[in-house]
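The values are calculated or read from the model by the stated rules, or taken from the named source; none is laboratory data. These numbers were taken from a predicted model, which means no experiment stands behind them. All Cβ positions, even for glycine, are placed from backbone atoms using ideal geometry, and neighbour counts span all protein chains on display.
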Amino acid sequence: MTSPAEEAVRTIAAAGGAVWRPGRDGGLETVVVHRPRYDDWSLPKGKLDPGEHPLTAAVREVLEETGLGVVAGRRSVTSRYRVLERDKRVDYWLMRATGGEFTPNDEVDELRWLSPGEAAALCTHDADRAVLADLVRTDVPREPSLILVRHGKAGSSDAWDGPDEERPLTANGREQARQLAAVLPLFGPTTVATATPLRCRQTVTPLAEQLGLEVTELTEFGEPEFGGDPHRALATAQRLLAAPGLAVVCSQGGTIPTVLGALGVHGHGVPGLPAPAAKGSAWVLGGRPGELAADYYRDLDAPSV
């Protein structure tokens with residue numbers, strides 16, 4: 001049995017996107033590209049750079065191959081296959097086109113906007129057709145509306161002499177905040193909020209600065225306030241899920257798993273098992289309770305293997 005580190009060496013990691021826009025008839029149009037090197041029609045994708053997060057690579061590769069700017073949406077299908085005696089893994093995201101223009105290049109010489117059905121018929125590979133089938137699902141939304149972030153590492157409360165509300169991030173926690181600020185803007189957040197503790201605010205301040213947004217306060221997501229009135233935080237989460245735009249909320253380990261459980265998100269999909277919420281991690285959510293798309297981003301600096 002191979003270790004995760006050995007698997008990472010053996011696996012070619014790549015990422016791409018199913019890029020979409022509203023169609024004229026109320027449906028969708030999606031992008032397929034022709035690659036002259038392989039003489040195939042496929043979805044835009046490419047290999048990760050060393051140390052690059054798969055989502056960052058997916059957005060970068062889409063821009064390089066198609067010239068299109070995008071906002072990342074729901075995580076889609078992951079495909080695995082063999083290439084020259086090595087495993088290859090391609091992580092896909094749904095992506096809404098926001099502008100740009102295609103220019104033929106060394107990797108792609110033709111781009112077509114087609115209906116998902118037409119695109120599936122044109123694509124050379126079954127793996128691309130699986131992603132397109134996911135694109136047209138109607139049970140969950142294509143884009144998230146709420147991201148729940150657990151604050152970064154802040155050291156031991158036993159070693160902190162001041163009020164717990166004022167306990168700051170450690171150097172590792174500040175690095176996690178930097179990673180969040182590098183990846184989460186790809187989803188296009190429109191608001192950034194935090195529970196009261198300083199470590200929560202510090203976790204999302206670099207993100208807010210990157211986006212040019214103010215950090216607002218949602219006290220109900222703090223652990224003491226949540227323990228006194230958990231229904232208030234749940235009601236706020238439900239409101240944010242139903243509201244237009246995408247809200248990022250930074251909270252604590254005593255709050256996030258309980259809110260997720262009330263929304264129908266459980267650890268490993270097992271009812272009653274708390275969902276994980278490691279420090280510096282993010283849950284990207286879209287839909288409504290019981291019908292949520294819920295993606296867990298544990299390590300924003302780690303390539304997917």
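So which residues in segment 12-34 are surrounded by fewer than 17 Cβ atoms within 10 Å (Cβ to Cβ) and either in contact (Cβ under 8 Å) with a residue 60 or more places away in the chain or not assigned by TED's automatic domain parsing to the domain that holds W93 (or both), if there are any at all?
I12, R21, G23, G27
Within 15 Å of the chain's Cα centre (by Cα) and surrounded by fewer than 19 Cβ atoms within 10 Å (Cβ to Cβ): which single residue out of T98, T78 fits that description?
Residue meeting the stated conditions: T78.
Can you tell me which residue is farthest from R137 (Cα to Cα) among those in segment 50-67 that are surrounded by fewer than 21 Cβ atoms within 10 Å (Cβ to Cβ) and more than 18 Å from the chain's Cα centre (by Cα)?
Among them, the one singled out is P50.
Identify the residue in segment 219-263 that is surrounded by 23 or more Cβ atoms within 10 Å (Cβ to Cβ) and of a type in the set (S, T, N, Q) and, among all such residues, is farthest from G290 (Cα to Cα).
Once the filter is applied, the top-ranked residue is S251.
Can you give me the number of residues within segment 182-200 that are surrounded by fewer than 20 Cβ atoms within 10 Å (Cβ to Cβ) and over 19 Å from the mean Cα position of the chain (by Cα)?
2
Is it true that some residue in segment 267-276 is under 17 Å from C200 (Cα atoms) and either of a type in the set (V, I, T) or modelled with pLDDT of 95 or more (or both)?
No, segment 267-276 has no match at all.
Among the residues in segment 232-243, are any out of contact with any Gly (no Cβ under 7 Å at 6 or more places or on another chain) and basic (K, R)?
Taking every residue of segment 232-243 in turn, at least one turns out to be out of contact with any Gly (no Cβ under 7 Å at 6 or more places or on another chain) and basic (K, R).
Among (1) outside any strand (DSSP E or B); (2) modelled with pLDDT of 95 or more, which single condition is R74 missing?
(1)
Would you call S157 free of Cβ contacts under 8 Å to residues at least 24 places away in the same chain, over 18 Å from D301 (Cα atoms) and of a type in the set (S, T, Y)?
yes
So for segment 173-188 (the condition being in a loop (DSSP other than H, G, I, E, B) and in the same structural domain as Q238 (by TED's automatic domain parsing)), does at least one residue qualify?
yes
Of all residues in segment 238-254, how many are touching a residue at least 24 places away in the same chain (Cβ under 8 Å) and over 18 Å from the mean Cα position of the chain (by Cα)?
The qualifying residues number 6.
So, in segment 80-89, exactly how many residues are modelled with pLDDT of 95 or more and in contact with a helix residue (DSSP H, G or I) (Cβ under 7 Å, 6 or more places away or on another chain)?
So the count comes out to 0.
Looking at (1) in contact (Cβ under 8 Å) with a residue 40 or more places away in the chain; (2) of a type outside the set (D, E, K, R); (3) under 26 Å from G261 (Cα atoms), which one does T196 not meet, given that it meets all the others?
Only one criterion is unmet by T196, namely (1).
Going by what's in this entry, would D299 be described as in a loop (DSSP other than H, G, I, E, B) and either within 19 Å of the chain's Cα centre (by Cα) or surrounded by 13 or more Cβ atoms within 10 Å (Cβ to Cβ) (or both)?
yes
Please tell me if D139 is among the acidic types (D, E), closer than 20 Å to R21 by Cα and not in a helix (DSSP H, G or I).
yes
T216: farther than 24 Å from R142 by Cβ, buried (at least 16 other Cβ atoms within 10 Å of the Cβ) and at pLDDT 95 or above, yes or no?
No; evaluated as a whole, the condition is false for this residue.
With the checklist (1) surrounded by 14 or more Cβ atoms within 10 Å (Cβ to Cβ); (2) within 14 Å of V19 (Cα to Cα); (3) not hydrophobic (A, V, I, L, M, F, W, C) in hand, flag the one item H125 doesn't pass.
All conditions are met except number (2).
Can you say whether G280 is assigned to a loop (DSSP other than H, G, I, E, B), crowded, with 23+ Cβ neighbours inside 10 Å, modelled with pLDDT of 95 or more and out of contact with any Cys (no Cβ under 7 Å at 6 or more places or on another chain), as far as the supplied structure shows?
yes
Would you mention how many residues in segment 210-222 are assigned to a helix (DSSP H, G or I), in contact with a strand residue (DSSP E or B) (Cβ under 9 Å, 6 or more places away or on another chain) and more than 15 Å from A282 (Cα to Cα)?
The total comes to 1.
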